[in-house]
Amino acid sequence: MWKDNLRSIYYIALKDMRTYYLKAPAISWGIVFPVAWILAFYLRSPQDFKELVPGLIAMTILFSTTAMEAVVINLELRLGSLERLLLAPISLSAVLLGKIVGGVIFGFMMTAAITVSSVLVLGLQVNILHLVLILIPSLFVFSSLGALLCVLVKEVFEAQTLLNLPRFLMIFLCGVVYPVSAMPPVLKHLAYVLPLTYTVEGVQQSLGSVHSGNIIRDILVLLAFIPIFIFPAAKLLAKKFA
Amino acid sequence: MKKDGANAISVSGLTKYYDGLAAVDSIDFEVKEGEVFGFLGPNGAGKTTTIRMLTGLSQPSDGTAQVLGYDIRTGITFAKREFGVVPEVSNLYDELTALENLVFMAQLYRIPGDQKIKRAEELLSTFGLSQRKDSRFSALSRGMKRALTIAAALLHKPRLLFLDEPTVGLDVVNARLLRSLIRELNHQGATIFLTTHYLEEADFLCDRIAILVRGSIVVLDTPDNLKQMVKWEPACEVRFIPMPEKAIIELGRQKGIHRIEKLGDNVRLYGESVPLLTEAIFNYGSQKELEIAFINSVRPTMEDAFVQLTGVNLEAMLVEKGGR
């Protein structure tokens, strides 16, 4: 049974890549928005840009994965094709994981493009192993977060609007543009409840922007966030079809 | 987990509440292997809710059901390997071609690698879609979309096929083609569970029909038995050549005829019995030296049975979802 589920996760993700990766909401929120932000920061202050790269890579993961979840889940909820998947002899969790993996792959492609371009253009030093170890759980965390919020609503635009709440909250609180260490204590505590903080810190360490911190802790915390988002998402999806 | 038996579906006390209201209210029925079983009822009667429970898309509030011997609460994933579902909406993927859609569904149903494309092409040929195999789903006509949706449900050669309002929105030609196909599938051994609100369709296709009204089964029997339950005044229809202008008045004076109405080129006569009506018609024809172009005894239709047995307004039955 688990083999069937694993195989189906792969087929669903593959189908989503072919079907949805060029949909307008995926391009606008998952590609155009992060690229526009990155360019805006670069043009405003090219000399300080290196410091911002880890935060902007983290923001790219956040936007690309969540944008894709809104497309792969909400388009199918609206058209009824998600029901078709649920009628197949696979578990609901496998269907959901297939959708999450679709977001992870899209996020990976976007993040890889931004990271490689930044490293080549700016000549950054990279610890590739650390970077991969922080990026992979991060992609799953934010794809799962996207899935959790997307199953709450039906339409893609509703999902994108709902997703903007945690997206912008995390952009401003998690050290993407403003260092967490410089924040007032209350906001600092809040920042460490949010997963993007750990992604930003992990990427900072991988790119040598900071030399303090604990990348193992960041990876473990991110791994812990995955089930925190996936289990309620599966419950909510099951409830939607109850 | 699996119980053996000759029933494809066994349902006992199946109930579904939405917001405290019973959409399906403690229904019991059995569907035999190889049978075409019709679930007939107006919109909102609970047909689709029942299918959703039997196919594992939603959980019952109460009651039990076995599908192909598997309990729907504990073994539905195993049952899904052996049944196919054609939902009311043709919900394949617009961006994929006809062939890609079928291959994707074949992947989900564990059809081995080398057989996926072969089986998909076989079904495309069966449904006359071979020429359109590389067309995107979005580019197909409504009838073709419906046909492809049915093909997708047949990829794994299911023993049981759930069809939810299969002909809704189809033109006459495609609806007829689809009905023939359902018959053909049944002749090949598949059990068919069909929901419809088209009375004639149920009459034509089904071995037995359950009529569902407001979540409860009000009657379950063969189409012929349902029609025989109708209280019916014996009637005959006739057309003479030529049809005299005073035929209605003159026929009304014949012995055994209670009343007459004109229906297009024919007249319908109601009386004590069909033999008496026939005798009156032939007597009148020979008196007036008229040729009888058409004569038929009128039997109750499924519409008559439905209206009498359920008390539901026929117009409510014929309104499609969305109020059309």
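Once you have the Kirkwood Rh of the protein assembly as shown from its Cα pairs, apply Stokes-Einstein at 37 °C and 0.692 mPa s and quote D in µm²/s. Walk me through the intermediate numbers first.
Working: Rh = 27.6 Å.
Diffusion coefficient, whole number: 119 µm²/s.
Please give me the summed charge of the neighbours of A:P54: other residues whose Cβ is under 15 Å from its Cβ, Lys and Arg +1, Asp and Glu -1. Intermediate results must be reported in sequence, preceding the final value.
Details: positive: A:K50; negative: A:D48, A:E51, A:E201, A:D218.
Local charge sum for A:P54: -3.
What does the charge count around B:D114 come to, taking other residues whose C-beta lies under 14 Å from its C-beta (Lys +1, Arg +1, Asp -1, Glu -1)? Numbers along the way, then the final one.
Values: positive: B:R110, B:K116, B:K118, B:R119; negative: B:E121, B:E122.
Value of the local net charge: +2.
With the Cα gyration tensor of the stretch A:2-240 in hand, give its eigenvalues times 5 under a square root as the equivalent ellipsoid semi-axes, listed largest first in whole angstrom.
Numbers: eigenvalues 184, 64, 57 Å².
Semi-axes, largest first: 30, 18, 17 Å.
So if I take the centroid of the Cα atoms in the stretch A:63-92 and the same for the stretch B:16-69, what is the distance between those two points in Å?
25
Can you give me the C-alpha center-to-center distance between the stretch B:208-262 and the stretch A:128-184, rounded to a whole angstrom?
69
Helix B:98-108 sits at what angle to the longest principal axis of chain B, using alpha carbons and giving 0 to 90 degrees rounded to 10?
It works out to around 60 degrees.
List the residues whose amide H sits under 5 Å from the amide H of B:I9, counting only those 5 or more places along or on another chain, with H placed 1.01 Å from N in the peptide plane.
Answer set, sorted by chain and number: B:V31, B:L68.
Quick one: Debye curve from the alpha-carbon atoms of the stretch B:129-276 only, equal weights, vacuum; give me log10 I(q)/I(0) at q = 0.20 Å⁻¹ to two decimals.
Normalising to I(0) and taking log10 leaves -1.19.
7 Å from Cα along Cα→Cβ at both A:V132 and A:H189: what's the point-to-point distance in nm?
Each label point is offset 7 Å from its Cα along the Cβ direction, giving 4.0 nm.
How much net charge surrounds B:F137 when only the other residues with a Cβ under 15 Å from the Cβ of B:F137 are counted, with Lys and Arg +1 and Asp and Glu -1? Show your work: numbers first, answer last.
Details: positive: A:K15, A:R18, A:R84, B:R132, B:K133, B:R136, B:R142, B:K145, B:R146; negative: A:E76, B:D94, B:E95, B:E100, B:D134.
Summing Lys/Arg as +1 and Asp/Glu as -1 gives +4.
Peptide B:105-113: average number of partner chain Cβ atoms within 10 Å per residue? Walk me through the numbers before you get to the answer.
Values: counts 6, 1, 8, 15, 5, 7, 0, 0, 0.
Rounded to a whole number, the mean comes out at 5.
Only the coordinates and a few stated rules stand behind these numbers; no lab work does. Values in this document were obtained by computation on a predicted structure and should not be read as measured data. With ideal geometry, Cβ positions are generated from the backbone for all residues, glycine too; neighbour counts draw on all protein chains shown.
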